[in-house]
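Participant: Let me begin by handing over the structure; questions about it come next.
The values are calculated or read from the model by the stated rules, or taken from the named source; none is laboratory data. Since this is a predicted model, take the numbers as computed values, not measurements. All Cβ positions, glycine included, derive from the backbone under ideal geometry; neighbour counts span all protein chains shown. Accessible surface is based on the protein model in full, side chains and every heavy atom, while ligands, DNA and RNA are left aside. Shrake-Rupley method; radii C 1.70, N 1.55, O 1.52, S 1.80 Å.
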Amino acid sequence: MDRIDCFLNGRFLPPEQARIPVMDRGFLFGDGVYEVIPCYGGRLFRLAHHLRRLETSLHGIGMADPLGPERWREVLEQLIGQRPGADQSVYLQVTRGAAPARDHRIPRDVEPTVFAMASPLPAP
C-alpha cells in the first residue's frame, strides 16, 4: 500500500515522522479539543455540523479555530483522498500548543498544535 500521511501543524507527513513536544499542553493538561468525522464512500458526513461543533468546543476553552472551515475542508479532503471512495474515520485535534514551561496558567502567544488523520472505518 502507498504511504498514508497525517496532517500536523501545516504539513502532511507519515505518522511515524509526526512529533509533538512533551511540553504540549494537550499532552500535559488535556488542554485542547478533538472531533471525529465519519466519511462514507469518500464523502465527509455532515462536515459543516462537525466544524461548527469544533468551533463551539474551541470557543468553550477560549481558543480560536486555527484553520477555519475552508482550510479544514481542504486538509480533510486531502486526507480522505488517500483512500478514494473508502469509508473512513477522520480524527482531528487542536491543542493550545507547547508552552515554554509547565504552568497551569493559560499562556499567551503560543502556536496551537493542529493534528488530523484518517483511518479505515470497519464495516459494522
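Participant: Which one is farthest from residue 117 (Cα to Cα) among residues in segment 15-67 that are surrounded by 13 or more Cβ atoms within 10 Å (Cβ to Cβ) and hydroxyl-bearing (Ser, Thr, Tyr)?
Facilitator: 57
Participant: With the requirement that a residue be among the charged types (D, E, K, R) and over 30 Å from residue 108 (Cβ atoms), what does segment 31-51 give you? Break it down into steps so the answer makes sense when it comes.
Facilitator: So in segment 31-51, the residues among the charged types (D, E, K, R) come out as 31, 35, 43, 46.
Of everything in segment 31-51, those that are among the charged types (D, E, K, R) and over 30 Å from residue 108 (Cβ atoms) turn out to be 43, 46.
Participant: So residue 84 ticks every box in (1) free of Cβ contacts under 8 Å to residues at least 60 places away in the same chain; (2) open to solvent by 30 Å² or more (accessible area, probe 1.4 Å); (3) in a helix (DSSP H, G or I) but one. Which box is left unticked?
Facilitator: (3)
Participant: Another question about this same structure. Here are some conditions: (1) among the hydrophobic types (A, V, I, L, M, F, W, C); (2) free of Cβ contacts under 8 Å to residues at least 60 places away in the same chain; (3) assigned to a helix (DSSP H, G or I). Residue 37 meets all but one. Which one does it not meet?
Facilitator: Of the numbered conditions (1) among the hydrophobic types (A, V, I, L, M, F, W, C); (2) free of Cβ contacts under 8 Å to residues at least 60 places away in the same chain; (3) assigned to a helix (DSSP H, G or I), the odd one out for residue 37 is (3).
Participant: Sticking with this structure for a sec: Is it the case that segment 58-71 has a residue that's in contact with a Pro (Cβ under 9 Å, 6 or more places away or on another chain), of a type in the set (Gly, Ala, Ser) and assigned to a loop (DSSP other than H, G, I, E, B)?
Facilitator: yes
Participant: Taking segment 90-118, which residues are assigned to a strand (DSSP E or B) and open to solvent by 30 Å² or more (accessible area, probe 1.4 Å)?
Facilitator: Scanning segment 90-118 gives 91, 93, 98, 115, 117.
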